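Below: one structure, written as structure tokens.
Just so it is clear, none of the values below were taken in a lab; they were calculated from the coordinates. Keep in mind that this is a model prediction, so the values were computed, not measured. Positions of Cβ are generated from backbone atoms using ideal geometry, with glycine treated the same way; all protein chains shown enter the neighbour counts.
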């Protein structure tokens, strides 16, 4: 199953690598959101590090939402999902493949956005890079796991682009709250003991969402 | 009896139940306002509690029914289960809205603010968002079986999400009054207030049942008429 999933992910990523449209537009969008946040704060009142966790996660959240529509929209445009469904591929492998491709996509956008964010808001990243990357990874897994599933639904509805955020934003409350809280504590160099509760929440959310998505994904496909 | 007549009869019966519930709701108001003592510290503002908490109970009941129906639908694929889930979600949205309206009315005089980002308030708000999202999703899918499947998937996910939201906001902070009936040391509410509250809980349960049944019967009637029309067209 993992091999099949990897094949599907590789196919999606190859497509994306050849055109790069979605990737580049997501990147420009992310940079724009970061730049616009600059106008929403008064640097003489609030320091960059105080606002940083919120800005970072709202930016990631928007950037991710944009990228997620792509996974199934492409298949639908060219009616290629039928082909995938006819192929001897396990349904959960299809989900995993799509999720892995999304994870790579969102992860790459985040990897470019993070240094940009550090420069724009004058946040020292080096001392916290390790823990921060861990938090980003944990939150992104939950985000992509639920997003891949919901985008498979949203793409089949009218107003697909609007439907995904409406369905998905409530599901981002636990991972985003957790990630913002953890990021703020990491920036403030708080002891590890203060992190453990939120870390447990993030991990539990990831596990529950991934398992639930694997179980119900087949019902989002046409029979 | 044709399916249309059957559905019509069910609709009439469900209307009677709703009317009974509404009548009882009137007696809840009367009892709460005139025959229940005024709370010593909060004053008359506390009276809204007899509407607020039971509404929350009915909303909770509605959501549990949606969640169970979602799981059952994916197992049994019976259109009636999907219809019950949809009706329950609509009625649940109404009760959740009632909770969200009565809460701030009480919060303003007691807390001094219409809204705070407390665990219960935030969870209820997001419960409302999920229910509305569920209904919006239903309205955006035309094919009935696809709609039922999608709705069931979202229903299951939503049921899993609510405890997570509650937990994550609770780790933030909490301000909401603690439960006065279902807490480990037994009810802390004085007898007369407790009686009014429990009566109101029962009435709101009947109201939930009546409204959901009525909604269910209406949509069954709609479907039966649609089938009859399709039959006639053929």
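A few remarks follow.
- Taking the C-alpha atoms only, the angle from helix A:48-77 to the longest principal axis of chain A is near 10 degrees.
- Each pair of Cα atoms in chain B enters the Kirkwood radius, and Stokes-Einstein at 20 °C and 1.002 mPa s then converts it into a translational diffusion coefficient of 110 µm²/s.
- Volume per residue of the convex hull around the Cα atoms, evaluated for the stretch A:1-117, comes out as 102 Å³.
- Label-reachable residues, the stretch A:122-139, where backbone N falls under 20 Å from a point 7 Å from residue A:194's Cα toward its Cβ: A:123-136
- Shape category assigned to the protein assembly as shown from the gyration tensor of Cα positions, a/c cut at 1.5: oblate
- Euclidean distance between Cα centres, the stretch B:31-59 to the stretch A:148-206, Å: 37
- Full extension of the chain between residue A:159 and residue A:58 gives 34.1 nm of extra length, using 0.36 nm per residue less the Cα-Cα distance.
- Between the Cα long axis of helix B:3-34 and the first principal axis of chain B there is an angle of about 10°, rounded to the nearest 10.
- Cα-based shape type of chain A, given that a ≥ b ≥ c are square roots of the gyration tensor eigenvalues and the cut on a/c is 1.5: prolate
- Structure remark: mean-square fluctuation, Gaussian network model of chain A, C-alpha springs under 10 Å; the largest value among A:42, A:82, A:50 belongs to A:42.
- Nearest-ten-degree value, helix A:2-19 long axis tilted from longest Cα axis of chain A: 70
- Rg(Cα) / (2.2 N^0.38 Å) computed for the stretch B:1-66, rounded to two decimals: 1.62
- For the stretch A:88-135 versus the stretch B:64-135, the gap between their alpha-carbon centres in whole angstrom: 33
- Remark: spin-label model distance residue B:139-residue A:42 equals 4.1 nm, labels positioned 7 Å along the Cα→Cβ axis.
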